[in-house]
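Let me begin by presenting the structure, written as C-alpha cells, before commenting on it.
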Amino acid sequence: MIYVDGSPFTPDDSSQGMDTLVALMEHPLLVSASNTFNTVVEKNISISGNSSSVTSSVGKLVYIFQREYATVDPTLVDVVGTDEATTCVGVAIRNRKSRMISAAHMDSPEVVNNGLTQMLSLVADQDPDALYDVHLIGGFDDISPQHSNHRKIQTELEGYSYPLCAKIVESLRNRSEKFQIGTLHILWHNTKWDSKGIASPIFHGFVVETSTGVIIPACFDKTTRCPDEIVRRIRVTANFEDPTWSGRLLDTYDTSTDRVAIAPCVWTMRQKRIAMKLQSLSDAEILLFCSSSPSAEGPEFVDNERRKWDYLIRHPDWTEAFPHRQPRVFERTVDGTWARIDPFE
C-alpha cells in the first residue's frame, strides 16, 4: 500500500503499474520533493588523503553494487549507499520506529517482488500500522526524445527504466505494508539532455544517513566501492547462470555482525570464453554490447568491464573465489578498511 504525505494514494483500482507510476510522478508533493532534491549538492564519497580509511564525514559505510541489497542497523553503520545507476533504480526503505534501513540497487523487473521481500525481512515489524519511508532514485527517460510528452508512453513499457520503475511501484502498491513515498527522483525527474538531445541521469546514486534517514545524491570514488569489488561485479552477470539466484537480489552484508558476507555464486567455463571474446572488442563496442544505456555510462564503465573479464580469464573456476563453497567474509579494521577473514576461524 502506498502513502503520500501520510495519506493513502488511491488511483483507479483498475490502473496498472504504469498508470500508477505516472500518477505518482505527477503528484504535486512528489514533484516538489524531486525539484528540491535536484538542488541538493551531490556528495562525493572518497578516500581521505593518502590513508586507506573513509573520510570522517562519511563514517562507517556499506556500499551496494548492482543487484545487491543490504539491511543496516543505525547503531553499527553511519551511511549506506550505491551509485553507477543509469537504467537501474536505487531503493531505500526505512522503518521509522526501529530506524533499520534496507537499500538495494535493482536492475530488472524480475528481481523486484522477491527483492522487496528480502529487503523487508529485517526491516518490517509486526505492527500493522507501521509506516515505512521509501525513496527511489535512478533510472532516466531512456526512450523519449528531448521535450517529448511523457504521457504518450505511459502505457508502453519500452526501454529499461520504465518497466523497472513501473514494477517497483506496482509491487509496493500491492503489498500489505504501508509505504510512505518520500523521494521519487526517477525517469523524467532524473533526466538531463546535452546539446545534441542525448538523455542521461542527473544523479547516478545516493547515500542514506542512518541516524536521520536523510537521503543525499552521491557518487563514490572507485576505492570506496569495496570490499571485493571485482568478485561482486562478476556476480552481477554470473548469477544469470546460477539458478539459486533467479529472481533474487544478491546477499552482501551480515546485519547482525557488521560484516560483508558475499554469498557464493557459480560461474562456468562459458563465462571465461565470453570474457575472452569481449576483451577483444573496442571501447565503443563494449559500450554498445554491454550497457543498457551506452550514451549515459560513466567514464569508468569500460575499465570496470575489462577488469571483470581479466579476473574471469585468470580464475575460470568459481571455487577459487569461494573455497569450500563458503561466503567471502570481510570485517572492518580499526582504520576503517575491510579485511578478509577465514569463516572457519
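Couple of notes before you dig in:
- When each of GLU84, GLU68 is tested for being modelled with pLDDT of 95 or more, among the charged types (D, E, K, R) and over 23 Å from LYS192 (Cβ atoms), the lone residue that passes is GLU68.
- Enumeration of residues in segment 163-180 that are within 16 Å of SER121 (Cβ to Cβ) and surrounded by fewer than 22 Cβ atoms within 10 Å (Cβ to Cβ): SER171, ARG175, SER176, GLU177
- Just so you know, in segment 233-267 the residues that are of a type outside the set (Asp, Glu), touching a strand residue (DSSP E or B) at 6+ places or on another chain (Cβ under 9 Å) and part of a loop (DSSP other than H, G, I, E, B) include one that is farthest from ASP73 (Cα to Cα), and it is CYS265.
- Selection of segment 242-262 for residues being loosely packed, with under 15 Cβ neighbours inside 10 Å and of a type outside the set (Val, Ile, Thr) yields PRO243, SER246, GLY247, SER256.
- Positions within segment 279-306 being farther than 19 Å from SER161 by Cα, surrounded by 15 or more Cβ atoms within 10 Å (Cβ to Cβ) and within 25 Å of the chain's Cα centre (by Cα), in sequence order: ILE286, VAL302, ASN304, GLU305, ARG306
- When THR36, THR20, THR75 are screened for being assigned to a helix (DSSP H, G or I) and either of a type in the set (Lys, Arg) or without any contact (Cβ under 8 Å) to a residue 24 or more places away in the chain (or both), only THR36 passes.
- Taking the criterion of being crowded, with 21+ Cβ neighbours inside 10 Å and either of a type in the set (A, V, I, L, M) or in a helix (DSSP H, G or I) (or both), the residues of segment 181-194 that qualify are ILE181, LEU184, ILE186, LEU187, HIS189, ASN190.
- Scanning segment 299-332 for residues that are more than 20 Å from GLU241 (Cα to Cα) and either among the aliphatic types (A, V, I, L, M) or modelled with pLDDT under 90 (or both) gives VAL302, VAL329.
- Restricting the first member to segment 219-237 and to residues that are surrounded by fewer than 17 Cβ atoms within 10 Å (Cβ to Cβ), and the second to residues that are part of a loop (DSSP other than H, G, I, E, B), the beta-carbon pairs closer than 7 Å and six or more apart or on different chains are ASP221/SER46; LYS222/GLU300.
- Those residues of segment 291-332 which are of a type outside the set (D, E, K, R) and closer than 18 Å to ASP83 by Cα, in sequence order: SER291, SER292, SER293, PRO294, SER295, ALA296, GLY298, PRO299, PHE301, VAL302, ASN304
- Across segment 177-199, the qualifying residues are those that are modelled with pLDDT of 95 or more and among the hydroxyl-bearing types (Ser, Thr, Tyr), and the one among them that is farthest from the chain's Cα centre (by Cα) is THR191.
- Looking only at segment 266-278, and only at residues there that are of a type in the set (A, V, I, L, M, F, W, C) and exposed (fewer than 14 other Cβ atoms within 10 Å of the Cβ), the one that is farthest from GLY205 (Cα to Cα): MET269
The values are calculated or read from the model by the stated rules, or taken from the named source; none is laboratory data. Owing to the predicted nature of the structure, the values given are computational and were not obtained by experimental measurement. All Cβ positions, even for glycine, are placed from backbone atoms using ideal geometry, and neighbour counts span all protein chains on display.
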